[in-house]
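Since every read-out is calculated from the coordinates, none of them should be taken as a lab result. Since we're looking at a predicted model, the values are computed, not measured. Reconstructed Cβ throughout: ideal geometry from the backbone, glycine too, with neighbour counts over all protein chains shown.
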């Protein structure tokens, strides 16, 4: 039986406070140790530990490759106590040339591709460091950055990398923490170095001056940036924004007036396989009639061939349509949320570069002090050796005869313990005259270097010149003529092309829309006779509910009893040879919901919508169009009510006639009925029992007309309606003699 804990060890605390404290610890750990990059080296801890482990394994660019499983094993065993797959995924990204502007890992084997295929397992792939990674870690052996113990206390790892390589902006970063995220696109290394050089020499330079060098992101997959210059400048100023990136395309002449479009570069982080699926879907679902075919002819070079429907298609219009409908155009977010001295914050371009330069200045001073310490130690040894050469015979005698040669040497020649130890460890062949000359020369050179280092440590101007020289050397290594330094993403203005709506690309043809009572819909070619027995064929027990003429370029509006409206494209409806298809397969019509109306959309018109409980409102026809299968909620009927009547309002109509199931008629001015975009509406008529039977609008001066019974086709008009005219929401009065018994204004 389990024993209860001692009551003295139980701490009472509010559950919310205890949970909040623990969650805060988790949130801070996620922010600082997982998701956000450090401003100084642009790395997250997992990436830093990967490169550090590879460095200890001596996986330099001039050495051979080693299995990635070996690297991952060292990382999770010594530095990063997390899953091996997550560590390997991070390593794979560091090696992907289409993910990083300047890869930090040189991979051998299958490291994935732009199609979205995953990398091979870590036991099959090999890797080593790149030159950029070596530059990023340059100075780790010179006490330039602090180290900390690993999670198990057995090893040490650097807190940050010291190298002079602007990795944060060059390779960018992305991550999602708790309550915050970061998204930094890649940039051109030459542009970042040029901006850093300018800011180094002119610390008070304005943001706009830096934009003369950093023109915009430079993505490893190329593409064309079509974001306005003013928007780019504002994004870099605030550290937040987005960039509009398009695929690079060109026209290829096929002869005889025909042509195709060749996509040679796609936007950053867009998977080619998914993009091809999007383009193929446009063809199969006939969403873009001017697009005929798409083919992937890529090998080592990306090549997507797009074929237009005909030679008369405008290439710019076709591409603008594809940019709108597919991932050939994307928006790349900018959110420069980084760790600055261990604290997260969103910074603009200038603060990021300025703080990186401060870090590099600190590293330069730290490395100089380390080098100065090594030189001072060597000069101490050299000073002792020179004293030994000047008194060589006495030194030899003391070493041969003295019981404690070290102490006697110190006493005889005023040496330090280090100097005496160096003399005792000197080989006999080092006594040559040539060696004495070399030591004298080395002593002189080191003394001069020590003086220069002291001047560098004490002078910010000298530090600036040294950093400028180092940045200039880095610029040569990644110059515009090199493969890594050449700009890949062009900055351009979006072409002024008037986008043609999809409806305008559909060939206009007459069709007949037929929808049955059970909801089976079809579109027959041409305007067929609606009384034709052949056209009005239905399943047994079914019959016609809606039948009308339309055009393939029209848009159909379907109203459901729950108040939702759906939009259908006539050119995508099933043909009229069969019985059609259930309309529920085309839209997300709720179970138990009935179709109230199906009609052709007429732009710039108004409609009257009314529910069965006698509440309604006016609405503009454009508000009824929906963009998705889920439709658009327009009318919100009260509990127990449903959308019952939809009427077009003629431009000249000025009054509303409404009749209830209690056979009471009311006529009131149309101005009293508000125009809304959605909602329950207002009361049209007051009922003690029952609900609304029908409603319509008409011109008061023309009177109210209704059809007579039978097949005569005659109508009756009541010209004087003053007896039934009243305020909206009144009860109304019994209708004129001869009004239809079904209480409907139209049959």
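Points worth noting:
- Taking 7 Å steps out from each Cα toward its Cβ at residue 672 and residue 283 produces label points 6.1 nm apart.
- Base-10 log of normalised Debye intensity for the range 26-184 (one unit scatterer per alpha-carbon) at q = 0.16 Å⁻¹: -0.91
- In terms of its Cα atoms, the range 545-698 spans 48, 34, 25 Å along the principal axes, sorted from long to short.
- A full extension of the chain between residue 720 and residue 12 corresponds to an added length of 246.6 nm, given 0.36 nm per residue minus the alpha carbon distance.
- Beta bridges by DSSP in the chain, antiparallel share as percent, to the nearest 5: 95 percent
- Sequence ranges 37-49, 184-196, ranked by mean other-Cβ count within 10 angstrom, highest first: 184-196, 37-49
- Fully extended contour minus Cα-Cα distance, from residue 271 to residue 33, at 0.36 nm per residue: 82.8 nm
- Taking every alpha-carbon pair under 8 Å whose residues sit at least 6 apart, the chain reaches a relative contact order of 9 percent.
- Under 12 Å from the residue 572 label point (7 Å along Cα→beta-carbon), backbone N, the range 304-346: none
- Distance in nm between pseudo-label sites at residue 594 and residue 67 (7 Å out along the Cβ direction from Cα): 7.1 nm
- Between the range 343-394 and the range 638-698, the alpha-carbon center distance in angstrom: 88 Å
- Extension reserve of the residue 683-residue 124 stretch, reckoned as 0.36 nm per residue once the Cα distance is removed: 193.9 nm
- Dividing the radius of gyration of the alpha carbons in the range 352-458 by their Kirkwood radius gives 1.17 for Rg/Rh.
- Working from Cα pairs under 8 Å separated by at least six residues, relative contact order for the range 26-184 is 31 percent.
- Label corresponding to mean projected area of the Cα convex hull in nm² when calculated from the structure given, among [x] 37.7; [y] 53.2; [z] 58.6: [z]
- Prolate/oblate/rounded label for the range 248-327 (Cα gyration tensor, a/c 1.5): oblate
- Put simply, when 112-122, 608-618, 334-344 are sorted by average Cβ atoms within 10 angstrom per residue, most first, you get 608-618, 334-344, 112-122.
- Mean residue ellipticity (222 nm) of the chain, computed from DSSP H runs ≥ 4 via -39,500 (n - 2.57), nearest 500: -9500 deg cm²/dmol
- Spacing of the two label points (7 Å from each Cα toward its C-beta) at residue 462 and residue 604, in nm: 8.0 nm
- Taking the longest Cα principal axis of the chain as reference, the axis of helix 45-56 is set at about 40 degrees.
- At R0 = 45 Å, FRET efficiency that the Cβ-Cβ distance of residue 661 and residue 509 yields, to 0.05: 0.55
- Normalising the Debye intensity of the range 240-288 to I(0), with uniform scatterers on Cα atoms only, and taking log10 at q = 0.24, 0.29 Å⁻¹ returns -1.04, -1.07.
- Spin-label zone in the range 386-418 - amide nitrogen under 11 Å from a point set 7 Å from the Cα of residue 380 along the C-beta vector: 416-418
- Centroid-to-centroid separation of the range 137-198 and the range 553-591 [C-alpha atoms, Å]: 56 Å
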